[in-house]
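Q: Here it is: the structure, laid out below.
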């Protein structure tokens, strides 16, 4: 794609880079908002059973508490670039934080399912704008030679929040009250707003130009249908006409959106930024990392809770050590990026992610839980080494005045990565799980001597306990079918992890083409008020 000589994005004068003493405190304040927004995507899930009981609804209905939030995030995130120019980044961030905090308070006061869903949408409208604003302000505040260290600090919120969410949510639900998963956001949100007003520098709003209504509609339809398909695929059936139709509509909408954005002078998302080689490669790698991250997070809790019988709180606690490791690695990774660039860190990190996933090929029905923690730690170490250098490299050539547009694109790609991660994981899982279960069923149907001997011994033991032969056989076959299902699950998990690990190793080669580029335009006058 070739870019025109004159930028199509409304120009905003770039901020003069500040010294480390000036940007660190504002960035730490911004991290509070980012942490809250990301935390809320995972903390709510553990309260779903309590909400079902209190609101008197079934599983399919209560899932809309999470689905509505996800869909609203997908629709609002692409608007962040235009709003950041129109309102100014600081003002957009503060208003987003106020809306998110207000939505949280309303969610805590919800009286039925419909009110909960409505208030979650309000919460998501704020939450979807927080991270793009934070990332864009970071780029505007921080000198380019320190962007890695700053990204490491911000990255702690991005990777630590989803991991700590289940443990924190499990504690609040189990020992206090489920409404506290929302109530806790209110005082923190108010404090974050007041701190932002006082300590975060302001950036002048630019001339936003005409709002790209058609672009907004098409990307909203594309993301809405894709996210709806991924969240409802399991309950509606991945091969159902509804899911296939949603995915088809999403694909067509994406194709039209890309064509339209490249055809107009003032696009909603400036896709011409992909003319920067490092930006393109980095976002492709971020997409792959997000796919692997969300893919594993989708099924590993299922194994822990459904197969191993762990509670939500225990499951969350087992994910804490890897999260803490990531939190320690991210600042180090950012500092290393500032010194040596991404060419070594990203490939090594992606290989470690792949290795950690490959280790899960040893997963069985009775694997010691400590191994799950250790394997996840290897994966988290790779995440910490790869994520920040990749994100930092992605903006290394982007002009500061286009940071908001770049951030909006990256956040949309992260949403796509999460959605595609679930779709790819489910499709692979369903395919190989069907093959595994068919293999075991064939053994039973073909009167395999070993299997028949196991059945005979099991039936005999139940008969010895006082059951009739028919009762004993039915009871043992039910147990055997359950054992087959769980064994097929773990075997399938092993296979899928090896497949994804192999893809990541191959894609790690792309990391060798990343570079710590020079910014495309030199900074001009300061716009900090």
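Read-outs: derived from the displayed coordinates by stated rules, not from any lab. From a predicted model like this one, the values you see are computed outputs, not experimental measurements. Every residue, glycine among them, receives a Cβ derived from its backbone with ideal geometry; neighbour counts consider all protein chains shown.
Q: Give me the angle, in degrees from 0 to 90, between the Cα long axis of helix 342-359 and the longest principal axis of the Cα atoms of the chain, rounded to the nearest 10.
A: The answer is roughly 10 degrees.
Q: Just to confirm the number: angle between the C-alpha axis of helix 277-302 and the first principal axis of the chain, 0 to 90 degrees, nearest 10?
A: Compared with the principal axis, the helix lies near 30 degrees.
Q: Quick check on segment 211-304: take the gyration tensor over C-alpha atoms, sort the square-rooted eigenvalues as a ≥ b ≥ c, and tell me if it's rounded (a/c under 1.5), prolate or oblate. Numbers along the way, then the final one.
A: On the way: a/c = 3.07, a/b = 1.39, b/c = 2.21.
Because a/c hits 1.5 or more and a/b fails to exceed b/c, segment 211-304 counts as oblate.
Q: Next question, about the same structure. For the chain, what does the relative contact order come out to in percent, with C-alpha contacts under 8 Å and a separation of six or more?
A: Numbers: 876 pairs, mean separation 128.2, N = 529.
Computed value for the chain: 24 percent relative contact order.
Q: Something else about it: Answer rounded, prolate or oblate for segment 282-413, using the Cα gyration tensor with square roots of eigenvalues a ≥ b ≥ c: rounded when a/c is under 1.5, else prolate when a/b is larger than b/c, else oblate.
A: prolate
Q: Oh, and also: Give me the angle, in degrees from 0 to 90, between the Cα long axis of helix 147-171 and the longest principal axis of the Cα atoms of the chain, rounded to the nearest 10.
A: Once rounded, one gets 40 degrees.
Q: Just to confirm my numbers, what's the Cα centroid distance between segment 356-410 and segment 223-298 in Å?
A: Spelled out, the Cα-based centre of one part sits 19 Å from the other.
Q: Further, regarding this structure: Under the rule of -39500 (n - 2.57) per DSSP H run of 4 or more residues, summed and divided by the residues of the chain, what mean residue ellipticity at 222 nm is obtained, to the nearest 500 deg cm²/dmol? Before the final figure, lay out each step's value.
A: Working: 20 runs with 391 residues, N = 529.
Result for the chain: -25500 deg cm²/dmol, rounded to the nearest 500.
Q: If you wrap a convex hull around the alpha carbons of segment 433-495, what volume per residue comes out, as a whole number of Å³? Numbers along the way, then the final one.
A: Details: hull volume 5.0 nm³, N = 63.
In segment 433-495, the Cα convex hull volume per residue is 79 Å³.
Q: State the Kirkwood hydrodynamic radius of segment 84-203 in Å, one decimal place, computed from all pairs of distinct Cα atoms.
A: Details: mean 1/r = 0.0639 Å⁻¹.
Every distinct Cα pair counted, the radius reaches 15.6 Å.
Q: In units of 2.2 N^0.38 Å, what is the alpha-carbon radius of gyration of segment 73-128? Write down the numbers at each step before the final one.
A: Values: Rg = 12.2 Å, N = 56, 2.2 N^0.38 = 10.2 Å.
Relative to the 2.2 N^0.38 Å estimate, segment 73-128 comes out at 1.20.
Q: Oh, and also: Please state the relative contact order of segment 433-495 as a whole percent: Cα pairs under 8 Å, 6+ residues apart?
A: Working: 27 pairs, mean separation 29.2, N = 63.
With pairs under 8 Å counted, the relative contact order is 46 percent.
Q: Let me make sure I get this right: for the chain, a, b and c are the square roots of the gyration tensor eigenvalues over alpha carbons, sorted descending. Under 1.5 in a/c it's rounded, otherwise prolate if a/b > b/c, else oblate. Which is it?
A: On the way: a/c = 1.95, a/b = 1.73, b/c = 1.12.
Prolate is the answer for the chain, as a/c is 1.5 or above and a/b outweighs b/c.
Q: Now for a separate question. Would you please put 86-95, 346-355, 370-379, 388-397 in order of how densely packed they are, using the mean number of other Cβ atoms within 10 angstrom per residue and starting with the highest? Don't skip to the end; give the middle numbers.
A: Values: 86-95: 22.0, 346-355: 23.6, 370-379: 18.6, 388-397: 28.2.
Ranking the peptides 86-95, 346-355, 370-379, 388-397 by packing returns 388-397, 346-355, 86-95, 370-379.
Q: Would you list the P(r) distribution for segment 47-147, with all Cα-Cα distances sorted into 10 Å bins from 0 and each bin expressed as a whole %?
A: Values per bin, smallest distances first: 16, 39, 25, 14, 5, 0.
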